[in-house]
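Reviewing the structure listed below.
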Amino acid sequence: MCLEKVKRGDVPRDVFTARGHPNITATNRRTLEITKDPYVTKRGDCIVACCAEKAAGELDAQVLHALAHEGTVVIILDVGTAVDYVVGKTPRWTPTSRWRLVVRKSEYVDESTVAVASDKSAAELDRRLVAELKRGAPLRVIVGVCPKDI
């Protein structure tokens, strides 16, 4: 399973930190976003973390290469007391955004997209994780890609 390969580091992956914010609602049913911006408004209902160390276009070169080809993407979100993960397909495109990282349930791709056809949106994340993020908890993010041929 791809999740296990990502956890072990057997496939291209990148690890970085972000943090929660009191205005996080995580109620969007179509997308999930992590931003480098230091502040979140309640209107940003897809945002689950801010102050990220990296955006989509700044991920490890091996991860960026893998995102441009067919495969499976796993994003692990870990606040220590709660963990959740999202699985989707690669966008078959190399993201270039320097400000945000987006996971989509749709097939839409733009400069910030790291996964499409995902199994979860912000609204479907474990609410214990979201509660910790609303308290401003630090978040460990792992983005891993299992190429189709593995």
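The values are calculated or read from the model by the stated rules, or taken from the named source; none is laboratory data. Predicted model only: the values in this text are computed from it and were never measured. No Cβ is skipped: glycine too gets one built from the backbone with ideal geometry, and neighbour counts run over all protein chains shown. Heavy atoms of the whole protein, side chains included, go into the accessibility calculation; ligands, DNA and RNA do not. Shrake-Rupley method; radii C 1.70, N 1.55, O 1.52, S 1.80 Å.
Observations on the structure shown:
- When the residues of the stretch 1-35 are filtered to those that are basic (Lys, Arg) and in contact with a helix residue (DSSP H, G or I) (Cβ under 6 Å, 6 or more places away or on another chain), the one that is nearest to Pro95 (Cα to Cα) is Arg13.
- Filtering the stretch 46-84 to residues that are among the charged types (D, E, K, R), in contact (Cβ under 8 Å) with a residue 40 or more places away in the chain and either in contact with a helix residue (DSSP H, G or I) (Cβ under 7 Å, 6 or more places away or on another chain) or open to solvent by 50 Å² or more (accessible area, probe 1.4 Å) (or both) leaves Lys54, Glu58, Asp60, Glu70, Asp84.
- The residues in the stretch 121-143 that are within 17 Å of Gly44 (Cα to Cα) and not in a helix (DSSP H, G or I) can be counted, and the count is 4.
- Per-region count, the stretch 85-99, residues in contact (Cβ under 8 Å) with a residue 40 or more places away in the chain and aromatic (Phe, Trp, Tyr): 2
- For the stretch 100-110, the set of residues classified as closer than 16 Å to Val143 by Cα and either in a loop (DSSP other than H, G, I, E, B) or open to solvent by 40 Å² or more (accessible area, probe 1.4 Å) (or both) consists of Arg100 only.
- Scanning the stretch 1-39 for residues that are modelled with pLDDT under 95 and aliphatic (A, V, I, L, M) returns a single hit, Met1.
- Hey, Arg127 under 13 Å from Val145 (Cβ atoms) and of a type in the set (Lys, Arg) or not: no
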